[in-house]
Amino acid sequence: MHVIFVAPHFPAYQKQFVRALKTVGAAVTGIGEAPVDMLPDDLKSWLDGYEQVPSVCDDQAMLDAVRRIQRRGWVDRMEATIEAHMLTAARVREATGIPGLTYQQTVLVRDKTIMKDFMRKHGIPTAMSASAENVDEVVAFGRKVGYPIIIKPRAAAGASGTWRVNGENELGPVLQQCGVAQGNSVALEEFIEGHEGFYDTITVGGKVAHDFISHYYPGVLEAMRTRWISPVIITTNRMDAPGYDEVKIMGRKVIRDLGLHTAPTHMEWFFGPKGLKFSEIGARPPGVGQWDLYCAANDIDLYKEWAFSIVHGTCPTPLSRRYSAAIITLRPNQDGHIKGYEGVEHICNKYGKWFIKSHFPPVGAPTQPVEAGYMANAWIQIKYPDYDDLRAILEEIGRTIQVHAG
């Protein structure tokens, strides 16, 4: 099988998808923005060909590159695992006759307003929502559903560019920042109170082959706006707990209703006073290195399982469910440059044997803003056999390690 893989160089974990495809017997041609001589040596060794383009989001440049590749030989699949690349990849697939996620399916998992309309039509509980292109439409929505409301770009990942607005008096600066005042279209949502998590799968032939449930502590919006919090994403190894049945049933319904065949999925949900609500649907892997947590928690190479699903139509290795696993973000006390760390040696001595990976920028390195994400500054990935014990360990890590900047 010959697979085109989009953007094999960046982010750094992208090369793991290429490695896995090569390992299971595929020929892999990459399309990316970096010059070929800038690619890491190991990545170059896994690629059978490479096309450089000015942007992997440029439809015409991508179409031209794929047609050059097709002139050299048959292409079976074209895979894009980064959300921002998916629409272009879908348009190029349809223009060149390459199987995979269709353009219509991709629109449904990218456009927040269309996505929620789809969920309501198919009986998948979700927040009330609408699109708006001017101030009056935003005001009308807020008065209809009541505050707080959420305002976000129609095609965004995570909490990027997302605002919680608590009252009409807060709309002015938010609408200016998100561009509504300049005529940009945004997605509006009812604010759903409750605990936030996500349900991920590798789906093969329309059936869930592997699945995972993870939790945010606290929710993403609060985590990306509050400096003193050391936010956590934790995946559970208690997948058979009865409280998860509804999430799994609903996730499978989403896959069935979308008509997904063979693809990774990522679905965000809330559970609170209004029950279970699905907030996002993605036909892609999650971000922030989450698959690395799944690998460590389950004694498996999930990238290889994904590659098997693409090339051979199966995921052959069972999940061990031996561990829960998590990432904890450790933020500097202010913006500037890293001055030093407190408590790292103590935590490493106590829990280092359970670390998966960790990252501590060197003293003198510039800090990144809070909203830059879970892996923007210092972080630790860690596994542990018991979910509740791991949560307690994460709380201790957050209290103990201090990142000083100035």
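At an R0 of 35 angstrom, the distance between the Cβ atoms of GLU170 and ALA84 translates into a FRET efficiency of 0.80. Cα-based radius of gyration for the chain, normalised by 2.2 N^0.38 Å, reads 1.00. Stretching ARG225 away from HIS312 to a fully extended chain increases their span by 27.0 nm, per 0.36 nm per residue minus the current alpha-carbon distance. For the stretch 187-285, the alpha carbon positions stretch 44, 33, 24 Å along the principal axes, listed from largest to smallest. Rounded, prolate or oblate, given the Cα gyration tensor of the stretch 195-405, with a/c below 1.5 counting as rounded? It comes out prolate by the Cα gyration axes.
Distance between the pseudo-spin-label points of THR23 and ASP335 (7 Å out from Cα toward the beta carbon): 4.0 nm.
Under 5 Å between amide hydrogens, built in the peptide plane, is the criterion, and for ARG154 it picks out ALA187 among residues at least 5 positions away or on other chains. Which part of the stretch 167-186 falls in the paramagnetic zone of ASP136, meaning amide N under 15 Å from the point 7 Å along Cα-to-beta-carbon? Counting backbone N atoms under 15 Å from the label point, the list is 181, 183.
Work out the FRET efficiency for LEU63 and ASP257 from their Cβ-Cβ distance, taking R0 = 35 Å, and round it to the nearest 0.05. Here the calculated transfer efficiency is 0.70. Please go through the residue pairs LYS116/LYS144; LYS144/LYS248; LYS248/LYS357; LYS144/LYS274 and name each one whose alpha carbons sit more than 21 Å apart in this structure. Where the Cα-Cα span goes over 21 Å, the pairs concerned are LYS144/LYS248; LYS248/LYS357. Taking 7 Å steps out from each Cα toward its Cβ at CYS348 and GLU193 produces label points 4.4 nm apart.
Projecting the Cα atoms of TYR50, TYR387, VAL180 onto the charge dipole of the chain (Cβ charges, centred on the Cα centre) puts TYR50 farthest toward the positive pole.
Here the extension length gained between ALA95 and LYS121 equals 6.5 nm, from 0.36 nm per residue of separation less the Cα-Cα distance.
Looking at this model, which pairs from LYS15/LYS207; LYS15/LYS112; LYS112/LYS207 are more than 32 angstrom apart at the alpha-carbon? Pairs exceeding 32 Å: none.
Residues HIS85, HIS312, HIS266, arranged from fewest to most other Cβ atoms within 10 angstrom of their Cβ, appear as HIS312, HIS85, HIS266. A viscosity of 0.692 mPa s and a temperature of 37 °C, combined with the Kirkwood radius over Cα pairs in Stokes-Einstein, give a translational diffusion coefficient for the stretch 128-190 of 292 µm²/s. Once the Cβ-Cβ distance of ASP240 and ALA392 is raised to the sixth power relative to R0 = 25 Å, the FRET efficiency obtained is 0.65.
The numbers here are math on the coordinates, done by the rules we state, and not lab data. All values derive from a computational prediction rather than experimental measurement. As a convention, Cβ positions derive from the backbone with ideal geometry for all residues, glycine included, and neighbour counts pool all protein chains shown.
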